[in-house]
Amino acid sequence: MNLDFIAQPLGALLKMIFDFIGDYGYSIIIFTVIVKVLLLPFNIKQTESSKKMNEISPKMKEIQEKYKNDKEKLNQKLMELYKEHNYNPAAGCLPMLIQMPILFALFYVIQDPIKYVFLDAATFDSITKSFWWLTDIGKTEMASTLIRIGGFGIPIFAILSGVTTYYQMKMITPSGNKVDASQKMMTNIMPVMFAWFTLQVPAGLAIYWVVSNIFSIVQQYFILKPLKAGKEVK
């Protein structure tokens, strides 16, 4: 799928921010926050739906196991469960479907700034790409100098990527015995996968991912807090 019709306006936005800020690293951070704010209505719906889905998932498994040989009864009981918990499966899918092309386009923009942001290699090569301890955020974190402690290189953004991914997933995962094995596995494996992924991409993309995760954690805190309060009142 060609997503240039989305990636090009996003690239123009990042270039406009860079022209104003003059620092590529901070421009990526501001760009990430702006995009997350624009996607906030969709993220709120998706977070609420994911939280509810995770809460009723164990009951869904029980119903699927109990009525696995009776499809009609299975569908009836699932619909009753959805109605009881005021859950609409489509409510979580639609925001994700809307966001997916935008998220892929964002990946293209940060992954290939020459094509989408600066429009030619000479311009991109001429800008300063050092950021904090990184010497060049156009390269991977491994190639852009790690923080060194006692002779060992520490991939800070990869660690932050894993930790923030884990915490973000943990926030919408039910506590205690309500968590099934597949949820536990996803919560433990996904952060490791994203930490490894962060080491393979340009450090600028790693910055985008970590800032995006931190924004989502703060966002989820304010979304989920009233939901928890409402349950306690009930």
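Values as computed for the structure displayed
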quantity	calculated
Residue in region 169-179 that is assigned to a helix (DSSP H, G or I), crowded, with 16+ Cβ neighbours inside 10 Å and either at pLDDT 85 or above or aliphatic (A, V, I, L, M) (or both) present	yes
Enumeration of residues in region 5-23 that are over 21 Å from the mean Cα position of the chain (by Cα), part of a helix (DSSP H, G or I) and either charged (D, E, K, R) or closer than 23 Å to ASP136 by Cβ (or both)	LYS15, MET16, ILE17, PHE18, ASP19, PHE20, ILE21
Test: ASP125 is among the charged types (D, E, K, R), at pLDDT 80 or above and part of a helix (DSSP H, G or I)	yes
Qualifying residue in region 130-144 (condition: modelled with pLDDT under 80, of a type outside the set (S, T, N, Q) and over 17 Å from TYR24 (Cβ atoms))	yes
Residue that is modelled with the lowest pLDDT, among those in region 24-40 that are surrounded by fewer than 20 Cβ atoms within 10 Å (Cβ to Cβ) and more than 15 Å from the chain's Cα centre (by Cα)	GLY25
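Every residue, every condition in (1) of a type outside the set (Gly, Ala, Ser); (2) modelled with pLDDT under 80; (3) over 19 Å from ILE223 (Cα atoms), yes or no:
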residue	(1), (2), (3)
LYS51	yes, yes, no
ILE56	yes, yes, no
ASP70	yes, yes, yes
MET79	yes, no, yes
TYR82	yes, yes, yes
ASN88	yes, yes, no
PHE104	yes, no, yes
VAL109	yes, no, yes
ILE114	yes, no, yes
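The values are calculated or read from the model by the stated rules, or taken from the named source; none is laboratory data. Nothing here was measured: the structure is a model prediction, and the numbers come from that model. Cβ sites come from the backbone with ideal geometry, for glycine too, and all protein chains shown count toward neighbours.
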